[in-house]
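Here's the structure we're looking at; comments come further down.
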Amino acid sequence: MNKKWGLLSGIIASAVMVIGAGTAFAKDWKPQRPIEIIAPAGPGGGWDLLARTIQKTLTQEKLVDKPILVTNKPGGGGATGWTYLKNKEGQGEFLAVNSPLILQNNLLGKSALTFNTFMPLANLMAEWEVVAVKADAPWTDGKSFFEAMKKDPTSIHVGVGPALGNDDHIQFLTLTKAFGADPKSVKFVVYPKTASEQIPALLGGHIQAITISLAETLEQVKAGKIRLLGVSSPERVASLPDVPTWKEQGIDFIFPHWRGVMVAPGLSAEQQEFWTKTIEKMVQSPSWKKALQTLEWDPFYQPSAEYKTFLEKQDSLMRDSLKDVGLIK
């Protein structure tokens with residue numbers, strides 16, 4: 001009898017050790033394969049810049065011990081890349097960057113995906129919107145540009161990406177209306193790969209202006225090839241002191257563009273905890289802070305729960321904004 005009880009005790013003890021080891025492993029989950037960060041547009045755009053900044057920071061700060069890949073999946077105003085992430089359910093090695101388009105696509109009826117399809121991991125940064133023209137264009141400010149558009153809307157084609165209904169598009173429609181021109185008369189040309197297509201088209205003379213985020217233009221502005229007619233910030237950007245705000249030009253318009261990161265649906269609590277803590281360390285690191293400064297991005301960190309609440313409020317506000325510019329009823 002004693003032998004039997006001794007054998008049974010050994011089995012129970014072994015089982016407890018296995019369960020304990022499993023529990024410890026779960027609590028200490030970390031990526032088991034290379035990590036993939038999805039940029040749902042082409043190279044060079046805002047989503048791509050953010051994905052590669054995350055990649056670089058996580059690597060430099062040694063916050064993960066697996067290789068990190070950035071995968072560009074343009075199409076559908078972000079929906080192609082986000083659908084790819086949705087299909088990675090339960091896999092903790094996949095992340096995707098997002099922006100207001102995760103809300104706008106759904107509100108406009110372009111995609112069934114919403115932020116609730118995924119786990120919002122963190123909001124990371126905000127930047128400002130601009131309207132840009134070639135450096136040798138005849139317009140030097142917003143007033144002269146929109147006056148020309150008002151007189152002959154067919155002569156000015158405006159590049160926007162990756163789809164209509166995003167912040168870039170809403171910015172331009174709002175400004176057009178504020179300057180007294182007709183938003184319905186604007187001739188938009190959509191570039192799904194964003195800046196990697198918009199900027200060459202502008203410099204090549206195929207379009208006359210682009211509505212875009214500030215960071216995507218910096219290289220060409222500093223090279224003297226592009227002129228910014230106005231910026232949506234409350235004050236002039238320190239590194240571009242010659243670019244006036246829209247408020248300075250008589251338009252009461254302050255408009256930040258935010259971007260964040262989300263993970264695949266169906267992750268375990270341990271997987272979520274790993275990424276929550278990792279991203280928190282990332283945004284506190286010197287590498288991240290330096291990258292924000294270089295790219296003229298404002299820090300806008302919101303951890304997961306706060307980010308989800310923010311998205312819920314933004315969804316309601318965005319619905320009202322889209323109604324105001326006539327994109328939805």
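Taking into account only those residues within segment 226-254 that are among the polar types (S, T, N, Q) and surrounded by fewer than 18 Cβ atoms within 10 Å (Cβ to Cβ), which is farthest from Gly159 (Cα to Cα)? Walk me through it before giving the result.
First pass over segment 226-254, keeping only residues among the polar types (S, T, N, Q): 232-233, 239, 245, 249.
Adding the requirement that they be surrounded by fewer than 18 Cβ atoms within 10 Å (Cβ to Cβ) leaves 239, 249.
Working: Ser239: 25, Gln249: 22 Å.
Restricting to residues being among the polar types (S, T, N, Q) and surrounded by fewer than 18 Cβ atoms within 10 Å (Cβ to Cβ), the top hit is Ser239.
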- A careful count of residues in segment 172-205 that are closer than 22 Å to Lys225 by Cα, at pLDDT below 95 and part of a helix (DSSP H, G or I) gives 2
- Task: Starting from segment 310-329, keep only residues that are within 19 Å of Met262 (Cβ to Cβ), then list their pairs with residues that are assigned to a helix (DSSP H, G or I) and of a type in the set (Ser, Thr, Tyr) whose Cβ atoms are within a distance under 7 Å, requiring at least 6 positions of separation or different chains.
- Result: none
- Task: Under 6 Å between Cβ atoms, at least 6 apart or on separate chains: pull out the pairs that start in segment 295-307 with a residue that is assigned by TED's automatic domain parsing to the domain that holds Lys277 and end on any residue that is part of a helix (DSSP H, G or I) and crowded, with 16+ Cβ neighbours inside 10 Å.
- Result: Leu295/Ala215; Glu296/Leu214; Glu296/Ala215; Pro299/Leu292; Tyr301/Val283; Gln302/Phe310; Ser304/Thr276
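The values are calculated or read from the model by the stated rules, or taken from the named source; none is laboratory data. As the structure is a prediction and not an experimental result, all values here were calculated from the model. Cβ coordinates were reconstructed from backbone atoms using ideal geometry, including for glycine residues, and neighbour counts include every protein chain displayed.
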